[in-house]
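Chemist: Quick one: the structure is below, questions incoming.
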Amino acid sequence: MRSVLVTGATTPLGERLVRSLIADTRVSHVLAVGKEPPDRALPFSHEQRLTYVQVDLTKSRQVRDLLFGVARDRSVEVVVHLSQHRSARDRGHKVHQANVEALRSILDLSDRHPTIRRVVVRSFSVVYRVSMDLPVLVTEDHPLNLDPRAPQYVRDRVEADLTACTRMGLTNAEIVVLRCAEALGPGMGSQLFDYLASPVALRPAGFDPMVNVATVADLVSAVEAATHGSGEGVFNIPGADTLPLSEACRKWGCVSFPMPGPLVAPVYGLRHRLTGSEFSYGLNRKTMHFGFVLDGTRAGEVLGYRPSHPVDWPVGGVVRMGA
Amino acid sequence: MPFPPRVASVLSSVFGGPSVRDRAHRLHFADAGHGFDQFGMHPDFVAVGDTIGSPLYDRYFRVKSYGAENIPKTGAAILAANHSGSLPVDGAMLWVDVYRRTDPPRTARPVADHFVTALPVVSTLFARCGVVGGSRGNARALLESGELLMIFPEGVPGIGKLFKDRYHLQEWRVGHCELAIRHRAPVVPVGIVGAEEQMPQLAKIPVPKSLPIPYIPITATPLPLPVRYHIHYGAPLRFDLEYTPDDADDPEKVHAAAQRVKAEVQKLLEKGLSMREGIFR
């Protein structure tokens, strides 16, 4: 029976994970952490198996008080770190603290914590470099995107990922990094979801790359598998749907409209200024040209994770009948 | 994608006929869940490729092939062929030939140079027909899933060779043998006779690296000539009987294996040149 601490518990993924862990008989207690006040945090409660704590993870003192206070009292063995700033357009010191420094604090403190034995870190497929000379099927040893011109959204995620990876084997706690495919859903910080949310989705003419899409349910099962597993390492977490970008648009119900490549960025820039949409073409330019599919073989072999929850495409049935 | 799979299905049905559709239906491939494999290949587009390639294969280049029984019916294998002709028509004809002469049909997965994956439209259509970018990771993934790779070890220098250098194999890269040894895949040497004369190349103009093409060819003809293609398949070379997978890290052994493949391809070319009665016959 393990006691589990979940950061980012009020995000859609965190909520689903907490709900699932409460129902898991192998888990004795769930310590849910979020920055929202308790009365607005989770839409469910469980007196015996769930404790919610409001913590600002960008403040190291609060993190220390959390881990060496209630987490120690609850004998937390596993920390699942899901908290990340979700907007791709926000930047600055505060965002960096949320994305990187919070994780650094957790890892530092876990090393000398009396009960924490395992830290599971949710990372992102965006940490990988995409290029025409790199494989479509991306394994864990694929080059990372270390481009200094990359947006902070990417640089922070790469730094957080590497911060966790460089401590593997050097701390008392086992560290597991899950590089997850984008999950389609509101509040997931998915650029692809924002891209598909528009009635007309633009893409550079002549290109139709393969994309891999996950669901919240699959990510929850991957995190659960990592929570209960043993050993450490980096694992790709792909979704069950691998398809061309234009097919994803069609199944999602939006029109995929090809236009000359150099025009796509200005149009999306204008759209952002007019509507405030999150999608950034600059961030996704390479993945809209070259295929990028996570290879989940290692996660399957070590964690026993296999994607089994395909996306419930809104117009998938219509498309299949049409085909 | 220029058009969705259902349009591809209609196109191949209308212009290719039932035999093309039947071949596409019998094609075994690793569906990643939506009718495409992880690299983007789709049977309906393979049928379109078959439909487009057939008039060229049957009537324009009038392809004759010899030794197709040497192509393994199942499992990972590598076809290693000479490359020439200014345009990669030899790759297309070899692709059609393998697809037609294997039963159940197999699609050879051509391994293209990186610049091909950056070409608009072409990259997408090629990917739908099974072409993959030339990276070690792509080749490894395909061999691990038992696919048939089509590799031209001469690479771009082969397709860009001048007319005076025809049938002289250019620098022979060794990556295909490293893959073959590591993955215990047989290598089938292939000699393609005819392509080296299809579009005589006189010179090439270098282009800036920022452009997505390696050079601009100056050819004697604006379009390929209707030469006859002769495709010769040699007996598979079983490096797995001589080497262990760890030998893939030994440069000398890999180089020796590549030289054997090159010698076999050269032999097939000489045999093919002696057998043919003329460039157009």
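Chemist: Taking B:ASP31 as the residue in question, decide whether it is within 14 Å of another protein chain (Cβ to nearest Cβ), over 18 Å from the mean Cα position of the chain (by Cα) and of a type in the set (Asp, Glu).
Modeler: Criteria met by B:ASP31.
Chemist: For A:VAL177, indicate whether it is in a strand (DSSP E or B), of a type in the set (A, V, I, L, M, F, W, C) and more than 23 Å from B:ASN138 (Cα to Cα). I'd like the intermediate steps shown before the answer.
Modeler: Working: in a strand (DSSP E or B): yes; of a type in the set (A, V, I, L, M, F, W, C): yes; more than 23 Å from B:ASN138 (Cα to Cα): yes.
Taking the combined requirement at face value, the residue satisfies it.
Chemist: Kindly indicate whether A:VAL4 is under 23 Å from A:ASN172 (Cα atoms), crowded, with 20+ Cβ neighbours inside 10 Å and out of contact with any His (no Cβ under 8 Å at 6 or more places or on another chain). Before you say what the answer is, go through the steps one by one.
Modeler: Working: under 23 Å from A:ASN172 (Cα atoms): yes; crowded, with 20+ Cβ neighbours inside 10 Å: yes; out of contact with any His (no Cβ under 8 Å at 6 or more places or on another chain): no.
Here the answer is no, as A:VAL4 does not meet what is asked.
Chemist: May I ask you to verify whether B:ARG6 is of a type in the set (D, E, K, R), at the interface with chain A (Cβ under 8 Å from one of its Cβ atoms) and assigned to a helix (DSSP H, G or I)?
Modeler: Values: of a type in the set (D, E, K, R): yes; at the interface with chain A (Cβ under 8 Å from one of its Cβ atoms): yes; assigned to a helix (DSSP H, G or I): yes.
Against the criterion (of a type in the set (D, E, K, R), at the interface with chain A (Cβ under 8 Å from one of its Cβ atoms) and assigned to a helix (DSSP H, G or I)), B:ARG6 qualifies.
Chemist: Let me ask you something else. Quick one: which residue in A:VAL264, A:VAL293 is over 23 Å from the mean Cα position of the chain (by Cα), aliphatic (A, V, I, L, M) and either within 13 Å of chain B (Cβ to nearest Cβ) or in a strand (DSSP E or B) (or both)?
Modeler: It is A:VAL264.
Chemist: Looking only at the range A:114-138, count every residue that is within 14 Å of another protein chain (Cβ to nearest Cβ) and buried (at least 21 other Cβ atoms within 10 Å of the Cβ) and tell me the total.
Modeler: 7
Chemist: Looking only at the range B:126-148, count every residue that is closer than 23 Å to A:ALA205 by Cβ and at the interface with another protein chain (Cβ under 9 Å from one of its Cβ atoms) and tell me the total. Spell out how you get there, then give the answer.
Modeler: Of all residues in the range B:126-148, those closer than 23 Å to A:ALA205 by Cβ come to B:126-133.
If we keep only those that are at the interface with another protein chain (Cβ under 9 Å from one of its Cβ atoms) too, we end up with B:127-128, B:132-133.
So the answer is 4.
Chemist: Shifting gears a bit: Residues that are more than 30 Å from A:LEU21 (Cβ to Cβ) and either out of contact with any Pro (no Cβ under 6 Å at 6 or more places or on another chain) or touching a residue at least 24 places away in the same chain (Cβ under 8 Å) (or both): find the helices (runs of 4 or more DSSP H) completely inside the range A:70-166 holding 1 or more of those.
Modeler: Output list reads A:93-96, A:152-165.
Chemist: Please verify whether A:PRO204 is surrounded by fewer than 23 Cβ atoms within 10 Å (Cβ to Cβ) and within 13 Å of chain B (Cβ to nearest Cβ), treating the condition exactly as stated. Talk me through it step by step, then tell me what you get.
Modeler: Details: surrounded by fewer than 23 Cβ atoms within 10 Å (Cβ to Cβ): yes; within 13 Å of chain B (Cβ to nearest Cβ): yes.
So A:PRO204 fits the description; yes.
Chemist: Let me ask another. Only residues that are hydrophobic (A, V, I, L, M, F, W, C) and touching a residue at least 12 places away in the same chain (Cβ under 8 Å): list them for the range B:1-35, please.
Modeler: Passing the criteria: B:MET1, B:ALA8, B:LEU11, B:PHE15, B:VAL20, B:ALA24, B:LEU27, B:PHE29, B:ALA30.
Chemist: Looking at the range B:37-73 only, could you name the residues that are in contact (Cβ under 8 Å) with a residue 60 or more places away in the chain, within 14 Å of chain A (Cβ to nearest Cβ) and assigned to a loop (DSSP other than H, G, I, E, B)?
Modeler: Within the range B:37-73, B:GLN38, B:PHE39, B:GLY40, B:MET41, B:HIS42 qualify.
Chemist: Could you please find all residues in the range A:49-66 being touching a residue at least 12 places away in the same chain (Cβ under 8 Å) and either of a type in the set (A, V, I, L, M) or farther than 16 Å from A:THR11 by Cβ (or both)? Walk me through how you get there before you give the answer.
Modeler: Taking the range A:49-66 and keeping what is touching a residue at least 12 places away in the same chain (Cβ under 8 Å), we get A:49-58, A:60, A:63-64, A:66.
Matches in the range A:49-66: A:ARG49, A:LEU50, A:THR51, A:VAL53, A:VAL55, A:LEU57, A:SER60, A:VAL63, A:ARG64, A:LEU66.
Chemist: Return the only residue of B:VAL131, B:VAL111, B:VAL116, B:VAL63 being surrounded by fewer than 24 Cβ atoms within 10 Å (Cβ to Cβ), under 30 Å from B:SER210 (Cβ atoms) and out of contact with any Cys (no Cβ under 7 Å at 6 or more places or on another chain).
Modeler: B:VAL116
Chemist: So A:PRO307 passes all but one of these: (1) outside any loop (DSSP other than H, G, I, E, B); (2) in contact (Cβ under 8 Å) with a residue 24 or more places away in the chain. Which condition number does it fail?
Modeler: (1)
Chemist: Is it true that B:PRO104 is over 14 Å from the mean Cα position of the chain (by Cα), part of a loop (DSSP other than H, G, I, E, B), modelled with pLDDT under 95 and under 29 Å from B:ILE216 (Cβ atoms)?
Modeler: Here the answer is no, as B:PRO104 does not meet what is asked.
Chemist: Quick one: in the range B:164-207, which of the residues that are touching a helix residue (DSSP H, G or I) at 6+ places or on another chain (Cβ under 9 Å) and farther than 22 Å from B:GLU264 by Cα is modelled with the highest pLDDT?
Modeler: Of everything passing the filter in the range B:164-207, B:GLN198 is modelled with the highest pLDDT.
Chemist: Which condition number does B:GLY137 fail, the rest of (1) assigned to a helix (DSSP H, G or I); (2) in contact (Cβ under 8 Å) with a residue 24 or more places away in the chain; (3) surrounded by fewer than 20 Cβ atoms within 10 Å (Cβ to Cβ) being met?
Modeler: Among (1) assigned to a helix (DSSP H, G or I); (2) in contact (Cβ under 8 Å) with a residue 24 or more places away in the chain; (3) surrounded by fewer than 20 Cβ atoms within 10 Å (Cβ to Cβ), B:GLY137 violates only (2).
Chemist: Tell me yes or no: at least one residue of the range B:79-99 is within 28 Å of B:LEU225 (Cα to Cα), over 13 Å from the mean Cα position of the chain (by Cα), in a helix (DSSP H, G or I) and aromatic (Phe, Trp, Tyr).
Modeler: Looking for residues that are within 28 Å of B:LEU225 (Cα to Cα), over 13 Å from the mean Cα position of the chain (by Cα), in a helix (DSSP H, G or I) and aromatic (Phe, Trp, Tyr), one finds none in the range B:79-99, hence no.
Chemist: Would you please name the residue that is nearest to A:LEU196 (Cα to Cα), looking only at residues in the range A:224-247 that are out of contact with any strand residue (DSSP E or B) (no Cβ under 6 Å at 6 or more places or on another chain) and among the hydrophobic types (A, V, I, L, M, F, W, C)?
Modeler: Among them, the one singled out is A:LEU243.
Chemist: Could you check the range A:207-253 and list, in sequence order, the residues that are at the interface with chain B (Cβ under 9 Å from one of its Cβ atoms), in a loop (DSSP other than H, G, I, E, B) and in contact with a His (Cβ under 9 Å, 6 or more places away or on another chain)?
Modeler: Selection gives A:PHE207, A:PRO209, A:ALA240.
Chemist: Exactly one of (1) more than 30 Å from A:HIS289 (Cβ to Cβ); (2) without any contact (Cβ under 8 Å) to a residue 24 or more places away in the chain is unmet by B:PRO208. Its number?
Modeler: In the conditions (1) more than 30 Å from A:HIS289 (Cβ to Cβ); (2) without any contact (Cβ under 8 Å) to a residue 24 or more places away in the chain, B:PRO208 misses (1) alone.
Chemist: For the subset of the range A:186-201 comprising residues that are hydroxyl-bearing (Ser, Thr, Tyr) and out of contact with any Asp or Glu (no Cβ under 6 Å at 6 or more places or on another chain), which member is farthest from A:ARG89 (Cα to Cα)?
Modeler: Looking at the filtered set, the residue picked out is A:SER198.
Chemist: Counting only residues that are assigned to a loop (DSSP other than H, G, I, E, B), over 23 Å from A:HIS85 (Cα atoms) and hydroxyl-bearing (Ser, Thr, Tyr), how many does the range A:1-54 have? Walk me through it before giving the result.
Modeler: Just the residues of the range A:1-54 that are assigned to a loop (DSSP other than H, G, I, E, B), to begin with: A:1, A:8-11, A:24-26, A:35-37, A:41-49.
Imposing the further condition that a residue be over 23 Å from A:HIS85 (Cα atoms) reduces the set to A:1, A:24-26, A:44-49.
Still in the running and hydroxyl-bearing (Ser, Thr, Tyr): A:25, A:45.
Residues flagged as assigned to a loop (DSSP other than H, G, I, E, B), over 23 Å from A:HIS85 (Cα atoms) and hydroxyl-bearing (Ser, Thr, Tyr) within the range A:1-54 amount to 2.
The values are calculated or read from the model by the stated rules, or taken from the named source; none is laboratory data. Predicted model only: the values in this text are computed from it and were never measured. Note: ideal-geometry Cβ built from the backbone for every residue, glycine included; neighbour counts use all protein chains shown.
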